[in-house]
2 protein chains.
Amino acid sequence: MTFRIIFIVLDGLGDRPCKELYGETPLEAASTPFMDYLAREGICGFHVPIDPGIVVESGPAHFELFGYHPFREFYPGRGVLEALGIGAKLEKGDIALRVNFATIKDGKIMDRRAGRIEDVSVFEKDLTMEIDGVQFILKAGVEHRAALIIRGSGLSSEIEGNDPHKTGRKPLKIKPKTRNPDAVKTAKLLQKYIDKAAGILSTHDVNREREKKGLPPANYLLVRGAGEYRSAESFRERYDLKACCIAGAGLYKGVARYFGMDVLNVRGASGTKNTDVDAKILAAKNALKNYDFIFLHVKATDLFGHDGDAIGKKEFIERFDKALSKIYGVDGVIVVTGDHSTPCSLMDHSGDDVPLLIHGEGVRADNCFRFGERDCHCGLLSRIHAKDVIHEVLNLIGEERIVE
Amino acid sequence: MTFRIIFIVLDGLGDRPCKELYGETPLEAASTPFMDYLAREGICGFHVPIDPGIVVESGPAHFELFGYHPFREFYPGRGVLEALGIGAKLEKGDIALRVNFATIKDGKIMDRRAGRIEDVSVFEKDLTMEIDGVQFILKAGVEHRAALIIRGSGLSSEIEGNDPHKTGRKPLKIKPKTRNPDAVKTAKLLQKYIDKAAGILSTHDVNREREKKGLPPANYLLVRGAGEYRSAESFRERYDLKACCIAGAGLYKGVARYFGMDVLNVRGASGTKNTDVDAKILAAKNALKNYDFIFLHVKATDLFGHDGDAIGKKEFIERFDKALSKIYGVDGVIVVTGDHSTPCSLMDHSGDDVPLLIHGEGVRADNCFRFGERDCHCGLLSRIHAKDVIHEVLNLIGEERIVE
């Protein structure tokens, strides 16, 4: 009996029939001999991320997959997860937001990503300050991305962001979501900070240099996804599993850190369509020596879905299958699923069920011989809630707690 | 339309692919022409004892199967069910524990069952006493088994037992599970009782006699599974069904009595691998004259699972199928299922789904033609929660309450 688990999440995996694929989904159309082998020897089915038909973002979807219930337990919000993802150290009560460095001209947003500026860590020090006894800490991420941490007493995450998600518009004013005095205060202070930051950035050497080179200056902060940090029961405490994460995109590293997983840095794991899946699989294989649970996240499937690129999604899945086949023969339970569906025809998340396969010693093999949406219907797991997936896996390795 | 139901629970029935059976489960591999007939003409599926993947003990699993919810309603604990199983009369607030008569030497446990002593009823009177205004009542069961009832005011079942479940160790001290003063008091009194009982047993004539014969003396009480008794809504009140139970093992008789079922004594129904299944089936057939609902429990399947004996489990299922075929043609609904899975490969309970079949007049027959794990996947019942099984049956006989 093995106790090691490789838990693979292909973001936005689930799809719908695509015209470009003559009515098959990307997963159905893809040639995936290795995942078909896993399906044939394993048990398949679907998971429902929250409830049938309900659409969900990746953050809460991963909470459910890991057996944490964002809507019954505490959910810290996207800002906190992104901040943890870029390595920020948070304290209880901190408010955290996702930040984009943007380019503004005559009060209007010209570029929401400041020309995908390479490095914003040069601004960290200048944009970290205290306003009315409250600390504002800026922490740089990859390219134009950063996190803002607000630390002090009497704060609230019940505030709106200022990102209109479109160019040619003015940034929004920060508003409280409720009349809660803490929310009103936090919104007011945050607006003050953003205005101060805009002043600092407008005359910053780095931006003067960029303008000379004809590059868009990083002269405004767009913030969103405010959340409040509180520590959670760790994966080790909850399941007695030593867990690690292999991911490119920040959000998933943040989810992993939130549950106390070690985040392994893998060169080439970019969270983009060009991610080095071979490097990630190799890292997972190596991690089996030191960890009981390896969370392997791949973002590209979701990106192809958002772009409506069915052929691209199919071809990426084929590339992933080839890479995954390198773990053939490892002693462990392999789970392959998605966090939600991102149908190419919709170019957005949907509430469709997500294909799920579990391969490992002793599992009840079923009549599902290929890994695909229609095929998974023949799976014995049938249609379970995402929150139950981790328990199916723990049960398989004989580690589930007993109800007496 | 018939109103009679034979509800058969093959304990720990569900299993996983077994090497000894070339990748089939015992139920799949067994030749079961009669249950296959029931499956072919009936409706099949699976039930999930609590939630997907969650492992459960037999007590709460039976509560769920009977439509009582141990974690939402009251669950009296194993001690109470075992006490009821051996025929103890309980009053509201009584604390009951399962007792093993054991052999102790130099403070260490030599035999947890005192050589499976044949009859402990000889000790009943001497071990029934009052301590500090609280009554301790010992009630003998089969062989080394007994129940202890603690009756008085200000008691609590929030106490640990003293059975280390291993020989060569000292019995544990009775401890409260919480700081609740009632629990502290109950633990203290119970320890006092156990010490007194040990004194009485050490010089008891029956034990002196045993020692002379070279038999291990029954000189210590190992207690576990403390629970508090409160009456439950009976099967008759809840479902308007006159119910009886045919079982060998005490726990199941206790569950039945707890729900107000009559327990029928069947010679040869031992709750062991050698149980007389023919006698049990005959008794069930006869009981159809007087009862609407017959709960027939068979323990052997679980015992073979715990022993990892896949061949034995398969052969027992074949023996059971042959015996069951004697009810061919009876006018009633027949349910065959398990309470949980006990895979031979795990030698323990697991959280896997449990095969379920319902046969009776008017049932929607489906495409499941054999009774087995993989086969049941073709069943129309699909995957339901154990708590819903009784309602499917009541619906079939047209007796389910209407939600208006």
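Summary table below
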item: Top-ranked residue in the stretch A:269-294 [being closer than 14 Å to A:G250 by Cα and of a type outside the set (V, I, T); ranked as surrounded by the fewest Cβ atoms within 10 Å (Cβ to Cβ)]; result: A:S270
item: Test result for A:F316, modelled with pLDDT of 95 or more and either closer than 16 Å to A:R4 by Cβ or buried (at least 24 other Cβ atoms within 10 Å of the Cβ) (or both); result: no
item: Residue match in the stretch B:13-23 (condition: within 12 Å of another protein chain (Cβ to nearest Cβ), in a helix (DSSP H, G or I) and hydrophobic (A, V, I, L, M, F, W, C)); result: no
item: Count of residues meeting criterion [buried (at least 24 other Cβ atoms within 10 Å of the Cβ) and within 14 Å of chain A (Cβ to nearest Cβ)] in the stretch B:29-47; result: 3
item: Check on B:Y68, touching a strand residue (DSSP E or B) at 6+ places or on another chain (Cβ under 9 Å), in the same structural domain as B:R267 (by TED's automatic domain parsing), of a type outside the set (A, V, I, L, M) and within 30 Å of A:R364 (Cβ to Cβ); result: no
item: Residue match in the stretch A:364-373 (condition: over 22 Å from the mean Cα position of the chain (by Cα), within 14 Å of another protein chain (Cβ to nearest Cβ) and under 21 Å from A:V55 (Cα atoms)); result: no
item: Options A:A61, A:A83, A:A88: the member that is over 30 Å from A:T203 (Cβ atoms), of a type in the set (A, V, I, L, M) and out of contact with any helix residue (DSSP H, G or I) (no Cβ under 6 Å at 6 or more places or on another chain); result: A:A61
item: Every residue from the stretch A:354-363 that is within 14 Å of another protein chain (Cβ to nearest Cβ) and under 27 Å from the mean Cα position of the chain (by Cα); result: A:L356, A:I358, A:H359, A:G360
item: Cβ-Cβ under 7 Å pairs, at least 6 apart or on other chains, the stretch B:1-13 side more than 26 Å from B:P49 (Cβ to Cβ), far side at pLDDT 95 or above and not charged (D, E, K, R); result: B:T2/B:V333
item: Matching helices (runs of 4 or more DSSP H) fully within the stretch B:206-303 where at least 2 residues are of a type outside the set (K, R) and closer than 14 Å to B:F66 by Cα; result: B:235-239, B:250-258
item: Any hit, the stretch B:78-93, residues being within 13 Å of another protein chain (Cβ to nearest Cβ), small (G, A, S) and outside any helix (DSSP H, G or I); result: no
item: Matching entry among A:D51, A:D36, A:D106 (being out of contact with any helix residue (DSSP H, G or I) (no Cβ under 9 Å at 6 or more places or on another chain) and assigned by TED's automatic domain parsing to the domain that holds A:I246); result: A:D51
item: Single residue of B:G329, B:G312 found to be of a type in the set (G, A, S) and closer than 18 Å to B:A29 by Cβ; result: B:G312
item: Any hit, the stretch B:77-89, residues being without any contact (Cβ under 8 Å) to a residue 40 or more places away in the chain and under 29 Å from A:Y239 (Cα atoms); result: no
item: Qualifying positions in the stretch B:307-343 - over 26 Å from B:S382 (Cβ atoms), within 14 Å of chain A (Cβ to nearest Cβ) and part of a loop (DSSP other than H, G, I, E, B); result: B:G308
item: Options A:D182, A:D195; residue that is surrounded by fewer than 16 Cβ atoms within 10 Å (Cβ to Cβ), among the acidic types (D, E) and out of contact with any strand residue (DSSP E or B) (no Cβ under 8 Å at 6 or more places or on another chain); result: A:D195
item: Identity of the residue in the stretch A:378-396, assigned to a helix (DSSP H, G or I) and facing another protein chain (nearest Cβ under 7 Å), that ends up farthest from B:T342 (Cα to Cα); result: A:D388
item: B:D348 acidic (D, E) and either over 16 Å from the mean Cα position of the chain (by Cα) or modelled with pLDDT of 95 or more (or both); result: no
item: Filtered residues of the stretch A:94-125 (kept if free of Cβ contacts under 8 Å to residues at least 60 places away in the same chain and either under 15 Å from A:D205 (Cα atoms) or part of a strand (DSSP E or B) (or both)); result: A:K105, A:D119, A:S121, A:E124, A:K125
item: Any hit, the stretch A:229-240, residues being at pLDDT 95 or above and either surrounded by 20 or more Cβ atoms within 10 Å (Cβ to Cβ) or more than 30 Å from A:G332 (Cα to Cα) (or both); result: yes
item: Single match in B:F71, B:F101, B:F63 (criterion: modelled with pLDDT under 95 and either away from chain A (no Cβ under 14 Å) or closer than 19 Å to B:A232 by Cβ (or both)); result: B:F71
item: The one condition in (1) surrounded by 13 or more Cβ atoms within 10 Å (Cβ to Cβ); (2) farther than 14 Å from B:I194 by Cβ; (3) free of Cβ contacts under 8 Å to residues at least 24 places away in the same chain that B:E130 fails to fulfil; result: (1)
item: Strands (runs of 3 or more DSSP E) enclosed by the stretch A:127-179 - at least 1 residues per element that are within 16 Å of A:E82 (Cα to Cα); result: A:134-140, A:145-151
item: Answer from A:L346, A:L357 - the residue that is buried (at least 24 other Cβ atoms within 10 Å of the Cβ) and assigned by TED's automatic domain parsing to the domain that holds A:G45; result: A:L357
item: Long-range neighbours under 9 Å by Cβ, at least six apart or interchain, first residue closer than 12 Å to A:V363 by Cα within the stretch A:388-403, second assigned to a helix (DSSP H, G or I); result: A:L394/A:Y239
item: Number of the condition not met by A:D11 [criteria: (1) within 20 Å of A:R370 (Cβ to Cβ); (2) in contact with a strand residue (DSSP E or B) (Cβ under 7 Å, 6 or more places away or on another chain)]; result: (1)
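The values are calculated or read from the model by the stated rules, or taken from the named source; none is laboratory data. Fair warning: this is a prediction, and the values are worked out from it, not measured in the lab. Cβ sites come from the backbone with ideal geometry, for glycine too, and all protein chains shown count toward neighbours.
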